[in-house]
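The values are calculated or read from the model by the stated rules, or taken from the named source; none is laboratory data. From a predicted model like this one, the values you see are computed outputs, not experimental measurements. Neighbour counts run over all protein chains shown; Cβ positions are idealised from the backbone, glycine included. These area figures cover heavy atoms from the full protein model, side chains too; ligands, DNA and RNA do not enter into them. Shrake-Rupley method; radii C 1.70, N 1.55, O 1.52, S 1.80 Å.
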Amino acid sequence: GAVVSQHPSWVICKSGTSVKIECRSLDFQATTMFWYRQFPKQSLMLMATSNEGSKATYEQGVEKDKFLINHASLTLSTLTVTSAHPEDSSFYICSARDYGYTFGSGTRLTVV
Amino acid sequence: QKEVEQDPGPLSVPEGAIVSLNCTYSNSAFQYFMWYRQYSRKGPELLMYTYSSGNKEDGRFTAQVDKSSKYISLFIRDSQPSDSATYLCAMSGGSNYKLTFGKGTLLTVNP
């Protein structure tokens with residue numbers, strides 16, 4: 001079946017630094033990838049939709065300059081949290097769309 | 001009114017029980033309906049995928065969609081402790097392919 005690999009699975013960074021999260025579709029080409037954020041005991045909130053070779057489409061309220069998304073190939077999308085602050089601490093999950101939607105295992109970001 | 005409503009529970013049942021989970025929605029454009037299982041600190045994994053109305057069965061899991069009532073259900077038969085997780089309904093429709101999730105229901109199956 002379709003597999004999506006997400007790295008790192010957890011990261012701790014200092015306030016003010018940037019963190020990059022990678023999402024790879026291992027056995028299929030994903031024209032569309034999605035990035036979600038999930039707070040404890042909350043559902044997944046869509047942050048942005050990225051299409052290979054074009055700019056990401058951000059959901060209302062999501063800062064484009066803070067959450068940089070790059071979808072440079074059909075198998076790789078990256079999310080960079082720039083100038084991270086403690087309130088950015090959360091669980092970030094990517095999803096790749098082929099015939100269905102396959103999710104990565106998530107990245108737990110802690111900003112100290 | 002939220003687009004997708006799901007009772008967050010928590011729901012606690014004994015092993016072997018039949019579990020019923022459900023979601024309601026308001027957007028008539030939704031045509032694709034999914035149930036995901038999410039273990040703590042993991043990404044969601046797809047359990048069931050249904051297009052439009054009807055029933056679908058896969059092992060101990062049965063998904064039902066009633067578009068006239070805007071209501072979807074997931075039934076788990078002979079529940080096992082390993083079924084303990086958060087169950088999320090998700091749906092999509094239209095051309096943007098975005099998924100809209102319910103809040104998730106936390107299920108605990110007690111041995």
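Values for this structure:
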| read-out | value |
| --- | --- |
| Filter result (in a loop (DSSP other than H, G, I, E, B) and away from chain A (no Cβ under 11 Å)) within the range B:1-11 | B:Q1, B:E3, B:D7 |
| Considering residues of the range B:46-70 that are acidic (D, E) and out of contact with any Ser or Thr (no Cβ under 9 Å at 6 or more places or on another chain) only, the residue surrounded by the most Cβ atoms within 10 Å (Cβ to Cβ) | B:E57 |
| Extreme residue, farthest from the chain's Cα centre (by Cα), among residues of the range A:1-26 that are exposed (fewer than 13 other Cβ atoms within 10 Å of the Cβ) and either free of Cβ contacts under 8 Å to residues at least 12 places away in the same chain or under 17 Å from B:L46 (Cβ atoms) (or both) | A:G1 |
| Members of the range B:12-57 found to be in a strand (DSSP E or B), free of Cβ contacts under 8 Å to residues at least 40 places away in the same chain and more than 14 Å from chain A (Cβ to nearest Cβ), listed by number | B:G54, B:N55, B:E57 |
| Total residues in the range B:71-93, condition of a type in the set (G, A, S) and open to solvent by 60 Å² or more (accessible area, probe 1.4 Å) | 1 |
| The range B:58-111, residues that are out of contact with any strand residue (DSSP E or B) (no Cβ under 7 Å at 6 or more places or on another chain), on the phi > 0 side of the Ramachandran plot and without any contact (Cβ under 8 Å) to a residue 24 or more places away in the chain | B:G59 |
| Members of the range B:15-41 that are farther than 12 Å from B:L107 by Cα, of a type outside the set (A, V, I, L, M) and surrounded by fewer than 21 Cβ atoms within 10 Å (Cβ to Cβ) | B:G16, B:N22, B:T24, B:S26, B:N27, B:S28, B:Q31, B:Y32, B:R41 |
| The one condition in (1) part of a loop (DSSP other than H, G, I, E, B); (2) more than 12 Å from chain B (Cβ to nearest Cβ) that A:K20 fails to fulfil | (1) |
| The lone exception for A:R24 - which of (1) under 19 Å from A:T102 (Cβ atoms); (2) charged (D, E, K, R); (3) in contact with a Phe, Trp or Tyr (Cβ under 8 Å, 6 or more places away or on another chain) it fails | (3) |
| Those residues of the range B:99-111 which are surrounded by fewer than 18 Cβ atoms within 10 Å (Cβ to Cβ) and within 13 Å of chain A (Cβ to nearest Cβ), in sequence order | B:L106 |
| Selection within the range A:59-112 - at the interface with chain B (Cβ under 10 Å from one of its Cβ atoms), of a type outside the set (G, A, S), surrounded by fewer than 22 Cβ atoms within 10 Å (Cβ to Cβ) and closer than 21 Å to A:F39 by Cβ | A:E59, A:F91, A:R108 |
